[in-house]
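Asks: Following this message is one structure expressed as structure tokens.
The values are calculated or read from the model by the stated rules, or taken from the named source; none is laboratory data. Because the structure is a prediction, the values reported are computed rather than measured. Ideal geometry is used to build each Cβ from the backbone, glycine not excepted, and the neighbour counts take in all protein chains shown.
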Amino acid sequence: MGNDSIIAFKTREQLRKYLGIFSPQFSNSRWKMEFLGQMLFGIQASRDTLMSEIARSLQEDILAKKTQERLERHLATEGMDSKVHGSILCDAAPGIHDDTLIIVDPTDVQKEYAEKMPYLAKVWDGSKGRVGDNLGYTLCMAIACENGCRKIVPLMLRLWSSVHPEFVSENDEVEQVIGQIASTTNGRGIFVYDRGGDGDNLFKFYIEHGYDFIVRLVGDRNLLNWGGRSRDSQVLARSLAEDCTMRYEDSVMFKSHNKIHNVRVKYGSMPVRLPIRPDTDLHLVVVKWPGGEKPMMLLTTLNAVRTRKALWEVVQGYITRWRVEDTIRFIKQSYRLEHMRLLDFQRLKNMAALVVAVAYFAAAWLGKKVKLDALARHVAKVSRKMFEVPEFFYYAIADGLRWLFVRHGKWRGWKCPREECGDLQMEFELLTG
């Protein structure tokens, strides 16, 4: 039997072990666990969120229509999204430390031609820089990663609609994401947010709960500069940034249009406070790019930014925020998130949670241990990439998993049949031992 068959067998075995993290939340229903296994396998095998494609990928000995109806019936389970997210967070929490970055970023799924999907609402139009006429749903992606590292750990993908009767505000939805993560990690981690997080409500939420954060400011916010000017004077953030002394200079490397760029940036910091919370010490970190007219302004609770190393970690921490955009693009392209065609809002929320569960298996679970890391490299190699696998290799992992799941065996249930395990075990030990 070829190596691909052995790797496919072991990958299915790991998927079954991975299902164990959901067992405490679904312990009272064997059928829900079977459903989770079929959905996680089916989404990866079809690389799609269309229920018809997922049903076909399972290759059951019944009509695919009947398989689809069964899956859709279970997908309507109330509260499944919260349980799936909670299980992933509990598994990921031991790897989240005080200095781990937890990057939060809203995105959207646009359904331009949908008419019967529930609670379609206007979503952000990037080309116009505002909410446009595009209809769809808003999502909030959260990942964990170490400072300056490209390895990602998908944590949550929460879906909501601004016209749903239970919707309060986007801040409320984001706070629920942050709160669920922080409660599971016991407050460990540093939350990183782009300019969309520059709001009084979110800052109050962070400070009242004692969460560390790095948030990029728009520039039109008033701050109290308690280091130089009068303590009671409010000054625009952009004015303070212009007066900030750029004490340090370092190189930043990034990739754009398939080229590696290396630029020198200058940066510095000053102590500030928020007028809404004048009792909390914060720091404004200012970064000036070569040729850039406007400096980048980062507000942070990390008060130990008086040394070059500590200050650079804040700058690099925000630059690492771009990993979440890579992750969103990976999930949308690899699992066709915008293909969702479901006529029930709970099904939509559950599907978003299941997609992030698939991404967690591909991006985090397969790299947890040395042997699993070796398995992940084998899976990436199976993807048959024409060129060298890039550093952000999760696309190759997704391609490899699909190849293995479609071409070498099929899903036989949560509990592995004995006849499937017999002849392959010794061969696999020789391959990865």
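Asks: Answer yes if at least one residue in segment 157-168 is touching a Phe, Trp or Tyr at 6+ places or on another chain (Cβ under 7 Å), in a helix (DSSP H, G or I), modelled with pLDDT of 95 or more and of a type in the set (A, V, I, L, M), and no otherwise.
Replies: No, there is no match, as no residue in segment 157-168 is touching a Phe, Trp or Tyr at 6+ places or on another chain (Cβ under 7 Å), in a helix (DSSP H, G or I), modelled with pLDDT of 95 or more and of a type in the set (A, V, I, L, M).
Residues checked against (1) among the β-branched types (Val, Ile, Thr); (2) touching a residue at least 24 places away in the same chain (Cβ under 8 Å):
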| position | (1), (2) |
| --- | --- |
| Val252 | yes, yes |
| Leu284 | no, yes |
| Lys309 | no, no |
| Gln316 | no, yes |
| Arg321 | no, yes |
| Leu342 | no, yes |
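Asks: Considering segment 154-169 alone, what residues qualify as being touching a strand residue (DSSP E or B) at 6+ places or on another chain (Cβ under 7 Å) and surrounded by fewer than 18 Cβ atoms within 10 Å (Cβ to Cβ)?
Replies: Once the filter is applied, which keeps residues that are touching a strand residue (DSSP E or B) at 6+ places or on another chain (Cβ under 7 Å) and surrounded by fewer than 18 Cβ atoms within 10 Å (Cβ to Cβ), segment 154-169 yields Ser162, Val163, Phe167.
Asks: Got at least one residue in segment 191-209 being buried (at least 17 other Cβ atoms within 10 Å of the Cβ) and in contact with a His (Cβ under 9 Å, 6 or more places away or on another chain)?
Replies: No, there is no match, as no residue in segment 191-209 is buried (at least 17 other Cβ atoms within 10 Å of the Cβ) and in contact with a His (Cβ under 9 Å, 6 or more places away or on another chain).
Asks: If I ask for residues that are small (Gly, Ala, Ser), closer than 18 Å to Asp99 by Cα and assigned to a helix (DSSP H, G or I), which ones from segment 176-209 would you list?
Replies: Gly179, Ala182, Ser183
Asks: Would you point out which residue out of Ser87, Ser27, Ser52 is assigned to a helix (DSSP H, G or I), of a type in the set (Ser, Thr, Tyr) and surrounded by fewer than 19 Cβ atoms within 10 Å (Cβ to Cβ)?
Replies: Result of the check over Ser87, Ser27, Ser52: Ser52.
Asks: For segment 315-325, state whether one or more residues are modelled with pLDDT under 85, surrounded by fewer than 23 Cβ atoms within 10 Å (Cβ to Cβ) and over 24 Å from Tyr137 (Cβ atoms).
Replies: No, segment 315-325 contains no residue that is modelled with pLDDT under 85, surrounded by fewer than 23 Cβ atoms within 10 Å (Cβ to Cβ) and over 24 Å from Tyr137 (Cβ atoms).
Asks: Just need a number here: residues in segment 55-74 that are among the β-branched types (Val, Ile, Thr) and buried (at least 17 other Cβ atoms within 10 Å of the Cβ).
Replies: 1
Asks: Within segment 155-209, can you find the residues that are of a type outside the set (Gly, Ala, Ser), without any contact (Cβ under 8 Å) to a residue 12 or more places away in the chain and within 22 Å of Lys349 (Cβ to Cβ)?
Replies: Pro165, Glu166, Phe167, Val168, Asp172
Asks: When you check Gln38 against the structure, is it touching a residue at least 12 places away in the same chain (Cβ under 8 Å), surrounded by fewer than 19 Cβ atoms within 10 Å (Cβ to Cβ), of a type outside the set (Asp, Glu) and under 21 Å from Glu13 (Cβ atoms), yes or no?
Replies: Spelling it out, it is not the case that Gln38 is touching a residue at least 12 places away in the same chain (Cβ under 8 Å), surrounded by fewer than 19 Cβ atoms within 10 Å (Cβ to Cβ), of a type outside the set (Asp, Glu) and under 21 Å from Glu13 (Cβ atoms).
Asks: Which members of segment 55-77 meet the condition of being free of Cβ contacts under 8 Å to residues at least 40 places away in the same chain and outside any loop (DSSP other than H, G, I, E, B)?
Replies: Matches in segment 55-77: Ala55, Arg56, Ala64, Lys65, Lys66, Thr67, Gln68, Glu69, Arg70, Leu71, Arg73.
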